[in-house]
Amino acid sequence: MVVTDALRAGDAALERGEWAVARRAFEDARAAGGGPEADEGLASAAWFLDEAAVALEARERAYAGYCDAGRPVDAARIATALAWDYRIFRGEAAVGDGWLARARRLLRDAPPVAEQGWLALREASFALPQDVERARQRCAEAEALGRQLDDLDLEMTAVALDGLAQVSLGRIADGMARLDEAGAAATAGEMRDPVAIGLSCCYLIFACERVRDFDRAGQWSERLARESQRYNNLPLAALCRAHYGTLLVLRGEWARAEAELTAAAAGMAARPGHVGEALARLAELRRRQGRQEEAAALVEQAESQPLAALTAAALALDRGVPAEAVERAEQFLRMIPGLETERAPALELLAEAHAARGDAAAASAAARELRAIAGRAGTEALLGAASLGEGRALAAGGDGAAARGALEDAVVLLDRARLPFERARARLALAGCLRESRHDDAARSQAARARDELAALGADAEQRRAAAFLAGGAGGLTAREREVLALVARGRTNAQIAEALVLSEHTVHRHVANILAKLAVPTRGAAVARAGELCLL
């Protein structure tokens with residue numbers, strides 16, 4: 001009777017989201033000989049409390065207890081949970097795969113049961129970055145089983161994950177329709193399992209981010225936040241805050257974004273498999289703020305995350321090292337094979353980096369692929385990014401008139417998308433194009449607006465670059481400094497420049513120092529890249 005009462009009390013507390021109460025009840029049940037059910041309940045409560053060691057130990061005891069009792073389906077359920085636990089708590093994918101293999105073997109001769117569907121979904125989520133079609137196949141199996149068993153939690157989670165897979169493949173309309181259906185079921189009270197609810201909503205938000213449907217992402221982030229509070233789901237709340245923080249970064253609400261992202265990183269600290277994502281998102285905020293050293297340190301902490309490679313590429317561009325930016329953007333693409341829509345941010349960076357290197361053909365190729373993705377998504381944010389990439393590529397190829405048109409489109413689209421940082425950078429690129437075609441007043445107007453927008457955001461480094469543009473008709477550079485810069489761009493040393501211009505090496509050194517200060521860049525390479533953007537070469 002004591003065991004039964006304690007188990008019932010624990011289950012009731014789990015349903016209410018009272019994890020600490022549930023933990024104590026299941027500990028009491030276990031002390032009274034509650035068997036694997038007590039350990040399974042204890043593991044669930046500890047999981048929500050981020051007590052990794054307790055959760056893993058209790059699950060492994062539950063697994064052994066179910067095996068000893070000849071209950072393979074229950075043991076398989078625990079093995080599937082352990083596969084996820086070892087990834088997020090320990091970052092041990094190989095161990096997780098071993099638990100998946102055990103679950104498959106245990107369910108091999110079982111009749112249709114929900115555990116088969118949840119195993120299929122766990123395998124699908126692990127396959128998604130590398131093998132999207134296999135992920136979709138496993139989702140279809142889980143969805144069909146959910147309908148057969150009248151298990152809406154299983155069915156809708158499968159629908160949501162398949163929707164994300166379709167969006168990743170570029171089948172955006174069909175994928176988003178499935179995700180919206182699952183999201184509605186999750187937040188309308190039809191689904192019961194808080195983990196299933198969280199997964200369904202998270203998949204929807206992931207897809208919104210990939211196609212840059214930020215209005216929809218914001219709406220669902222707010223609903224997911226409410227659901228996480230309703231179920232006292234702290235891990236879900238932390239994940240929600242990470243994605244909402246990125247939305248705030250893009251919207252230009254950087255003070256709020258910082259609060260959300262730092263809280264998310266703290267909330268995920270016990271989950272190495274998740275915390276890297278929050279750190280990578282915080283790194284991008286730091287980069288935009290001009291805090292490059294802090295951004296680089298965060299990137300190093302989150303180096304296994306694809307998002308970290310993107311920020312590393314952007315940092316390389318900030319330092320004026322476009323070759324490194326190309327390398328890191330291509331690294332990102334290798335990390336996400338088969339995921340079409342996720343390629344967009346790397347293609348943006350590639351278009352900019354190749355243009356900075358003067359490789360118009362490579363910049364155009366990246367911009368064309370980005371345009372194709374943007375055309376399928378139809379969001380103003382992606383269409384604006386595509387126009388900006390095209391403008392940079394056209395400018396690098398010397399087609400100033402076409403570049404101007406593309407960059408003007410980019411400013412309008414990014415303004416409609418309410419992306420102030422991206423809009424300001426597009427204005428600065430447009431200013432360079434306008435000055436090259438001798439529309440000096442229009443160029444200065446665009447640069448001034450970019451400077452003011454960047455100042456309002458707190459984007460110190462980009463603001464200094466806009467100010468450098470406005471310092472004079474040639475970015476504040478004298479005719480002699482432009483001569484020196486042209487030779488720097490050709491790879492000449494100070495001694496070689498001094499010989500070519502009949503100057504002392506000390507004078508050349510002073511000119512180079514002045515160039516770096518006026519262009520607000522730290523290195524010679526960065527000066528060449530910035531000069532290319534500002535049409536000074």
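The values are calculated or read from the model by the stated rules, or taken from the named source; none is laboratory data. For clarity, every value in this text was computed on a predicted model and none was experimentally measured. Note: ideal-geometry Cβ built from the backbone for every residue, glycine included; neighbour counts use all protein chains shown. For accessibility, only protein heavy atoms count, side chains too; no ligands or nucleic acids. Shrake-Rupley method; radii C 1.70, N 1.55, O 1.52, S 1.80 Å.
Only one of these conditions is not met by ARG438: (1) touching a helix residue (DSSP H, G or I) at 6+ places or on another chain (Cβ under 8 Å); (2) among the charged types (D, E, K, R); (3) outside any helix (DSSP H, G or I). Which number is it?
Condition (1) is where ARG438 drops out.
Looking at segment 382-392, which of its residues are at pLDDT below 95 and of a type in the set (Gly, Ala, Ser)?
Answer for segment 382-392, where residues must be at pLDDT below 95 and of a type in the set (Gly, Ala, Ser): there is none.
Which count do you get for residues in segment 9-29 that are at pLDDT below 95 and of a type in the set (Lys, Arg)?
1
A quick yes/no check of all residues on (1) open to solvent by 20 Å² or more (accessible area, probe 1.4 Å); (2) modelled with pLDDT of 95 or more; (3) touching a Pro at 6+ places or on another chain (Cβ under 8 Å); (4) over 27 Å from ALA527 (Cα atoms):
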position: ALA316; (1), (2), (3), (4): no, no, yes, no
position: ALA323; (1), (2), (3), (4): yes, no, no, no
position: ARG328; (1), (2), (3), (4): yes, yes, no, no
position: ILE336; (1), (2), (3), (4): no, no, yes, yes
position: GLU340; (1), (2), (3), (4): yes, no, no, yes
position: ARG343; (1), (2), (3), (4): yes, no, no, yes
position: GLU348; (1), (2), (3), (4): yes, yes, no, no
position: ALA353; (1), (2), (3), (4): no, no, yes, no
position: ARG371; (1), (2), (3), (4): yes, yes, no, yes
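For PRO129, only one of the following conditions fails: (1) under 14 Å from SER168 (Cα atoms); (2) in a helix (DSSP H, G or I). What is its number?
(2)
Please go through segment 27-38 and pick out each residue that is farther than 11 Å from VAL2 by Cα, in contact (Cβ under 8 Å) with a residue 24 or more places away in the chain and surrounded by 19 or more Cβ atoms within 10 Å (Cβ to Cβ).
Once the filter is applied, which keeps residues that are farther than 11 Å from VAL2 by Cα, in contact (Cβ under 8 Å) with a residue 24 or more places away in the chain and surrounded by 19 or more Cβ atoms within 10 Å (Cβ to Cβ), segment 27-38 yields PRO36, GLU37, ALA38.
Looking only at segment 429-452, count every residue that is closer than 14 Å to GLU462 by Cβ and open to solvent by less than 10 Å² (accessible area, probe 1.4 Å) and tell me the total.
The number of residues fulfilling the criteria is 4.
Having 2 or more residues that are among the basic types (Lys, Arg) and over 14 Å from the mean Cα position of the chain (by Cα) is the bar; report the helices (runs of 4 or more DSSP H) wholly within segment 216-318 that clear it.
Ranges flagged: 272-289.
Residues being part of a helix (DSSP H, G or I) and at pLDDT 90 or above: count how many of those fall in segment 485-498.
Qualifying residue count for the region: 5.
What about ALA13, is it over 23 Å from ALA124 (Cβ atoms), without any contact (Cβ under 8 Å) to a residue 40 or more places away in the chain and under 31 Å from the mean Cα position of the chain (by Cα)?
Judged against the criteria, ALA13 is not a match.
Show the residue pairs meeting these rules: Cβ distance below 7 Å; 6+ apart or different chains; first residue within segment 191-215 and in contact (Cβ under 8 Å) with a residue 60 or more places away in the chain and over 16 Å from TYR244 (Cβ atoms); second residue part of a loop (DSSP other than H, G, I, E, B) and open to solvent by less than 40 Å² (accessible area, probe 1.4 Å).
PRO194/TYR231; PRO194/ASN233; VAL211/THR379
Going by the conditions given, is ASP97 over 25 Å from ASP162 (Cβ atoms) and open to solvent by 30 Å² or more (accessible area, probe 1.4 Å)?
Considered against the rule, which asks whether it is over 25 Å from ASP162 (Cβ atoms) and open to solvent by 30 Å² or more (accessible area, probe 1.4 Å), ASP97 comes out as no.
Table: residues versus (1) under 29 Å from ALA62 (Cα atoms); (2) at pLDDT below 95.
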{"position": "LEU100", "(1), (2)": "yes, no"}
{"position": "PRO129", "(1), (2)": "no, yes"}
{"position": "GLN166", "(1), (2)": "no, yes"}
{"position": "GLY170", "(1), (2)": "no, yes"}
{"position": "MET176", "(1), (2)": "no, yes"}
{"position": "THR187", "(1), (2)": "no, yes"}
{"position": "VAL195", "(1), (2)": "yes, yes"}
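Give segment 358-368 a look and list any residue that's surrounded by fewer than 23 Cβ atoms within 10 Å (Cβ to Cβ) and either small (Gly, Ala, Ser) or more than 22 Å from GLY384 (Cα to Cα) (or both), or say none.
GLY358, ALA360, ALA361, ALA362, SER364, ALA365 - these are the residues of segment 358-368 that are surrounded by fewer than 23 Cβ atoms within 10 Å (Cβ to Cβ) and either small (Gly, Ala, Ser) or more than 22 Å from GLY384 (Cα to Cα) (or both).
Residue-by-condition table, conditions (1) among the polar types (S, T, N, Q); (2) in a loop (DSSP other than H, G, I, E, B); (3) open to solvent by less than 10 Å² (accessible area, probe 1.4 Å); (4) farther than 23 Å from CYS208 by Cβ:
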{"position": "GLU115", "(1), (2), (3), (4)": "no, no, no, yes"}
{"position": "ALA120", "(1), (2), (3), (4)": "no, no, yes, yes"}
{"position": "SER125", "(1), (2), (3), (4)": "yes, no, no, no"}
{"position": "ARG134", "(1), (2), (3), (4)": "no, no, no, yes"}
{"position": "ARG147", "(1), (2), (3), (4)": "no, no, no, yes"}
{"position": "ALA158", "(1), (2), (3), (4)": "no, no, yes, no"}
{"position": "GLY163", "(1), (2), (3), (4)": "no, no, yes, no"}
{"position": "VAL167", "(1), (2), (3), (4)": "no, no, yes, no"}
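Go through segment 512-525 and count every residue that is part of a helix (DSSP H, G or I) and open to solvent by 40 Å² or more (accessible area, probe 1.4 Å).
Selection size over segment 512-525: 5.
Can you find, within segment 496-511, the residue that is least open to solvent (accessible area, probe 1.4 Å) among those that are over 45 Å from the mean Cα position of the chain (by Cα) and aliphatic (A, V, I, L, M)?
Only one residue tops the list, namely ALA498.
What's the number of the only condition in (1) open to solvent by less than 30 Å² (accessible area, probe 1.4 Å); (2) assigned to a helix (DSSP H, G or I) that GLU181 fails to meet?
Only one criterion is unmet by GLU181, namely (1).
Tell me whether segment 284-301 contains one or more residues that are surrounded by 22 or more Cβ atoms within 10 Å (Cβ to Cβ) and touching a Gly at 6+ places or on another chain (Cβ under 6 Å).
Scanning segment 284-301, I find no residue that is surrounded by 22 or more Cβ atoms within 10 Å (Cβ to Cβ) and touching a Gly at 6+ places or on another chain (Cβ under 6 Å), so the answer is no.
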